[in-house]
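First the structure, in the form of structure tokens, and then the observations on it.
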Amino acid sequence: MSDNTDNKKMNEVGKSLLAQRKQMESAERQLVKASQEISNLGVLNDDNLSELDKLLMQAEMLCSAQGMDTSQISEKHIEMGEKLVELSEKEKADIKVPAFEELVTIAIDDTTSWDEYLSNIDKFALENNIDLTVDPFENLLSQAQKAEIAERIRSDYTMKKANCDKYDYMIAAFCGVVAGLIDSFFVGMPDQSKLGKWTNNQTDKFVEKIAKIKGWNPEAGNENSISNAIQFLEKKYKVSYDQATSKAAGDLLGMTPGNHHIKSLGHSPDLVGLIFAIVDQFTSTSHFLDNGRLIVFDTETSSLHGKTFIAKLFCGFSNWLGHLISDVAGSSSGRRNNPDKSGSGIPMPFFELFQLCNKGNFKIYPGSDKSNNPTEVSLADLSVKIFENHYDARFGMAQAIPVVINEISIRLLWAIKSRFYSNKSWKECIPIGSHPDLRRMLLTGHGVLCLVDGIDAAARSKGQILLFALHLNFVAWKRLAFSGLMEIRALYKENALDIAALDEDLRNEWNRLYENSGVVF
């Protein structure tokens with residue numbers, strides 16, 4: 001449901017509750033009055049029974065004094081006695097019957113629709129002076145309930161400052177150091193990474209599996225041919241923006257098969273790539289980044305399957321995703337001509353945006369030392385050089401392993417400490433959501449990981465900026481940046497409401513109420 005639909009339904013439910021409360025109050029008044037009258041009637045009945053017992057006793061004594069045998073009394077005598085005590089018309093008219101007001105109700109039956117019910121509520125509100133123009137929930141809550149809710153919101157949803165002790169910082173720093181050592185010894189730089197070789201192999205297996213799912217039937221002996229699997233997917237998911245060289249792109253930029261995946265925005269596995277891939281397929285264009293410039297040129301007319309805009313949009317998304325899978329392990333020609341190489345994959349998410357920064361003056365040496373004449377490049381060109389050295393999405397998966405280990409370790413140890421050291425409930429120790437102490441520990445842990453990563457990169461690069469960048473863990477630094485932004489946001493909004501957490505809890509509660517009530521909106 002959309003937010004507007006949610007608000008509308010909540011307002012309608014609030015009006016229904018107001019009307020039902022009016023009916024309940026009317027019924028409660030009648031019940032109280034009926035209960036009081038029943039109580040009065042019981043007292044009167046007891047008094048009458050007592051008086052009747054006295055009269056019977058007096059009658060028996062009178063009969064005994066007159067020498068009359070009560071066993072000889074006939075029905076005729078009884079009828080005569082009833083006539084003597086029968087109430088007159090005047091006495092009957094003087095009997096007061098308590099008056100009960102008519103119960104207020106809303107017309108509804110099994111055939112009444114929700115809209116008809118709402119219309120009946122509006123009519124009922126008009127007849128009973130119920131103001132439906134204001135927030136219905138404002139009138140439904142008492143002052144005590146409003147104060148209780150306000151206190152709970154302040155207690156549960158106010159963004160609090162972190163209050164970590166020395167053990168929290170020790171845990172976070174320890175996890176960061178361990179993750180940093182894993183990054184240093186097992187990730188390192190492309191083409192020399194132990195984990196990088198593993199992620200490359202897993203990527204190849206993934207591409208081959210997808211190709212088989214989509215109908216790839218390799219000939220005998222080529223069952224494990226990654227180049228054939230890639231070629232099959234390339235033919236199946238052709239796109240208009242797949243120019244691989246400067247000549248193919250109209251000689252507009254210095255592009256080669258080794259860097260066209262980072263220069264072509266449609267090859268980026270992120271929101272930027274999706275947007276430009278859809279635009280390129282709809283408009284038969286190609287968008288490239290080069291030295292801070294956005295270059296656009298027309299291509300051959302492309303066609304998208306589907307009769308409606310939504311169908312064509314889904315087709316464009318499917319082509320983008322399928323083409324990314326075909327390129328994630330390199331191109332078919334690159335893997336076929338260099339079977340021992342990993343080929344040119346696709347960039348890490350948002351890494352392509354470095355090409356927008358055509359600033360800086362970085363020296364790149366052609367050899368392994370500084371004896372050769374360096375080439376001075378901007379940050380945009382440096383990012384392309386980094387990518388050309390296989391610093392791609394596959395290596396990003398290898399970089400993510402120590403980051404994930406660091407994240408899970410900190411969250412797990414925080415939960416254990418909270419439960420057994422701070423004696424919190426298991427519910428309070430769930431290591432997800434907004435916990436100020438956990439947020440600060442994650443910032444500390446990822447900061448330590450990046451510190452170890454930076455020191456290792458500086459030590460191994462020997463002053464060469466390209467080697468330094470190749471050793472840096474881009475995934476870890478992105479995660480640190482995100483943690484830093486969350487901490488700055490928390491400090492800025494200290495004592496303010498955590499609206500996201502409040503909205504999430506409200507939505508979960510409404511979903512629970514809908515499920516329990518069986519109501520479908």
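The values are calculated or read from the model by the stated rules, or taken from the named source; none is laboratory data. Since this is a predicted model, take the numbers as computed values, not measurements. Cβ coordinates were reconstructed from backbone atoms using ideal geometry, including for glycine residues, and neighbour counts include every protein chain displayed.
For region 435-477, the set of residues classified as outside any helix (DSSP H, G or I) and either in contact with a strand residue (DSSP E or B) (Cβ under 8 Å, 6 or more places away or on another chain) or at pLDDT below 95 (or both) consists of H435, K462, G463, Q464, listed by residue number. Taken together, the residues in region 272-295 that are part of a strand (DSSP E or B) and either loosely packed, with under 15 Cβ neighbours inside 10 Å or not aliphatic (A, V, I, L, M) (or both) amount to 7. Name every residue in region 115-132 that is free of Cβ contacts under 8 Å to residues at least 40 places away in the same chain and not charged (D, E, K, R), in order of residue number. Of everything in region 115-132, those that are free of Cβ contacts under 8 Å to residues at least 40 places away in the same chain and not charged (D, E, K, R) turn out to be S119, N120, L126, N129. Looking only at region 479-497, decide whether some residue is of a type in the set (F, W, Y) and at pLDDT 80 or above. Yes, some residue in region 479-497 is of a type in the set (F, W, Y) and at pLDDT 80 or above. Determine, yes or no, whether R411 is free of Cβ contacts under 8 Å to residues at least 40 places away in the same chain and either of a type in the set (D, E) or buried (at least 18 other Cβ atoms within 10 Å of the Cβ) (or both). Yes; evaluated as a whole, the condition is true for this residue. Beta carbons closer than 6 Å, at least 6 apart along the sequence or on distinct chains, never pair a first residue in region 35-57 that is closer than 30 Å to S71 by Cα with a second that is of a type in the set (K, R) and surrounded by 10 or more Cβ atoms within 10 Å (Cβ to Cβ).
Just checking, does region 118-125 include any residue being at pLDDT 75 or above and either at positive phi or exposed (fewer than 10 other Cβ atoms within 10 Å of the Cβ) (or both)? So far as region 118-125 goes, no, none of its residues is at pLDDT 75 or above and either at positive phi or exposed (fewer than 10 other Cβ atoms within 10 Å of the Cβ) (or both).
Here T203, T158, T199 are screened, and the one residue that is under 32 Å from the mean Cα position of the chain (by Cα), within 30 Å of I410 (Cα to Cα) and at pLDDT below 85 is T158.
Return the residues of region 451-465 that are touching a residue at least 40 places away in the same chain (Cβ under 8 Å) and buried (at least 17 other Cβ atoms within 10 Å of the Cβ); say none if nothing qualifies. Result: V452, D453, D456, Q464, I465.
The requirement of being under 60 Å from the mean Cα position of the chain (by Cα) and not acidic (D, E) is satisfied by S35.
Taken over region 315-359, the residue count meeting the criterion of being crowded, with 22+ Cβ neighbours inside 10 Å and part of a loop (DSSP other than H, G, I, E, B) is 11.
Among residues of region 64-93 that are farther than 21 Å from E51 by Cβ, none has a Cβ under 9 angstrom from a residue that is assigned to a helix (DSSP H, G or I) and hydroxyl-bearing (S, T, Y) at a sequence gap of 6+ or on a separate chain.
For I432, state whether it is hydrophobic (A, V, I, L, M, F, W, C), part of a helix (DSSP H, G or I) and out of contact with any Asp or Glu (no Cβ under 7 Å at 6 or more places or on another chain). The answer is no for I432. Only a single item in (1) surrounded by 15 or more Cβ atoms within 10 Å (Cβ to Cβ); (2) at pLDDT 80 or above; (3) in a helix (DSSP H, G or I) is not met by Y167, and it is number (1).
Search region 209-228 for residues being aliphatic (A, V, I, L, M) and either more than 22 Å from S344 (Cα to Cα) or modelled with pLDDT under 90 (or both), and hand back the single one that is surrounded by the fewest Cβ atoms within 10 Å (Cβ to Cβ). Per the stated criteria, the residue is A220. Scanning region 364-386 for residues that are of a type outside the set (S, T, Y), surrounded by 10 or more Cβ atoms within 10 Å (Cβ to Cβ) and at pLDDT 75 or above yields a count of 11.
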